[in-house]
Each structure stands twice: as C-alpha cells, then as structure tokens.
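Input: a single structure, listed below in structure tokens.
The values are calculated or read from the model by the stated rules, or taken from the named source; none is laboratory data. From a predicted model like this one, the values you see are computed outputs, not experimental measurements. In this analysis, Cβ positions are derived from the backbone assuming ideal geometry, glycine residues included, and neighbour counts consider all displayed protein chains.
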Amino acid sequence: MTVPSDMSAQICAALTALPDDVAAALREARRAILRIALQTDGVGPLTETLKWGEPAFLTETPKTGTTLRLGRINGRAAVMVPCSTTIIEDARQRFGDVPHLSGKRGVILGEDEELVEYVIASALTYHIRKRIRV
C-alpha cells in the first residue's frame, strides 16, 4: 500500500495558517491516519488533498472508506467524517455519549486516543463494514 509520506506544500500551508496548538494536534492526527491505514488489512492507497481548505484523506482503490478531514470544531483540533455516515453514532455506542464527540461530524482531539483511533479506523473501512452489514 502507498500512503503520502511527505506533506504537500498545500497541506503544510493549511496547517501553518492555524494556531500552533491546533496545527500540532492535526499533524499528530495525520500521522495516526497514515499509521492506521498501513496497519489495516484491505485499506488501499490514500489520497491526501484539501477539502474546504482543510487536509483530507480518501481511500482510492479499493474504495474501502469514507473521507477523513482534519480541522476545527468550536476552535479545537478535530478529526471529522461525513455526517451522512454512522461512524460517530457507532463511536457513541461503543464509548458512550462523551463530550468530545461532536454531533454526527467528528471527534475533538486531545481527550481520548483510543476513541480517535476508532473513528479513524472506522472511516478508513466504512464501505467494507457497510457491505458486511447489508
């Protein structure tokens, strides 16, 4: 599997424009996304791009997952997923209704590493798991 190893100038610029603490947390989340993608069977190559000016990751071929986006929720660093997915609902079922889960959109970073890794892995394998449920 191939993953982006070097940060593109666009991604770097997007992160540099953020407050230092937010940028540092998002860089760490980026490393977690790349690591989890490599460790997860069936996840193909990732494309790293900007969506709405924020770093985003998409699985390529096979299309195993849904988009992960790095940004802010209420000014705090967060990993976000499409609100049309069940990823955050699934996380609530597993971890409870913790305050760092935000609506149907994402998880605020810095509170629970296991929860963040669960959301990342769930996004990277969303379409695989969705096919199994049907």
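Give the residues of segment 22-42 that are closer than 14 Å to Asp6 by Cα and in contact with a strand residue (DSSP E or B) (Cβ under 6 Å, 6 or more places away or on another chain), sorted by residue number.
Ile33
I'd like to verify a number: residues in segment 74-85 that are of a type in the set (A, V, I, L, M) and within 9 Å of Arg105 (Cα to Cα), how many? Walk me through how you get there before you give the answer.
Kept after step one, since they are of a type in the set (A, V, I, L, M), are these residues of segment 74-85: 77-81.
Next, from what is left, pick out any that are within 9 Å of Arg105 (Cα to Cα): 79-81.
Number of matching residues: 3.
Pairs, please: C-beta under 6 Å, at least 6 apart or cross-chain, first residue within 12 Å of Gly71 (Cα to Cα) and in segment 7-27, second among the hydrophobic types (A, V, I, L, M, F, W, C) and modelled with pLDDT under 90?
none
Counting just the residues of segment 91-114 that are in contact with a Phe, Trp or Tyr (Cβ under 8 Å, 6 or more places away or on another chain) and buried (at least 20 other Cβ atoms within 10 Å of the Cβ), which one comes out modelled with the lowest pLDDT?
Among them, the one singled out is Leu101.
Out of the residues in segment 12-46 that are of a type in the set (S, T, N, Q) and assigned to a helix (DSSP H, G or I), which is nearest to the chain's Cα centre (by Cα)? First the steps, then the outcome.
Filtering segment 12-46 down to residues of a type in the set (S, T, N, Q) leaves 16, 39-40.
The next check asks that each one be assigned to a helix (DSSP H, G or I); those that pass are 16, 39.
On the way: Thr16: 19, Gln39: 15 Å.
The extreme case among them is Gln39.
Identify the single condition in (1) surrounded by fewer than 16 Cβ atoms within 10 Å (Cβ to Cβ); (2) over 19 Å from Leu124 (Cβ atoms); (3) touching a Pro at 6+ places or on another chain (Cβ under 9 Å) that Ala24 does not satisfy, given that it satisfies every other one.
(3)
Kindly indicate the residue of segment 1-11 that is more than 15 Å from the chain's Cα centre (by Cα) and of a type in the set (A, V, I, L, M, F, W, C) and also surrounded by the fewest Cβ atoms within 10 Å (Cβ to Cβ) among those meeting that condition.
Of segment 1-11, the ones more than 15 Å from the chain's Cα centre (by Cα) are 1-2, 5-10.
If we keep only those that are of a type in the set (A, V, I, L, M, F, W, C) as well, we get 1, 7, 9.
On the way: Met1: 13, Met7: 15, Ala9: 8.
The residue in question is Ala9.
What residue, among those in segment 64-84 that are within 9 Å of the chain's Cα centre (by Cα) and not β-branched (Val, Ile, Thr), is surrounded by the most Cβ atoms within 10 Å (Cβ to Cβ)?
Leu68
Looking at the structure I just gave you, is Gly53 loosely packed, with under 14 Cβ neighbours inside 10 Å and either modelled with pLDDT under 90 or farther than 18 Å from Met7 by Cβ (or both)?
Details: loosely packed, with under 14 Cβ neighbours inside 10 Å: yes; either modelled with pLDDT under 90 or farther than 18 Å from Met7 by Cβ (or both): no.
Judged against the criteria, Gly53 is not a match.
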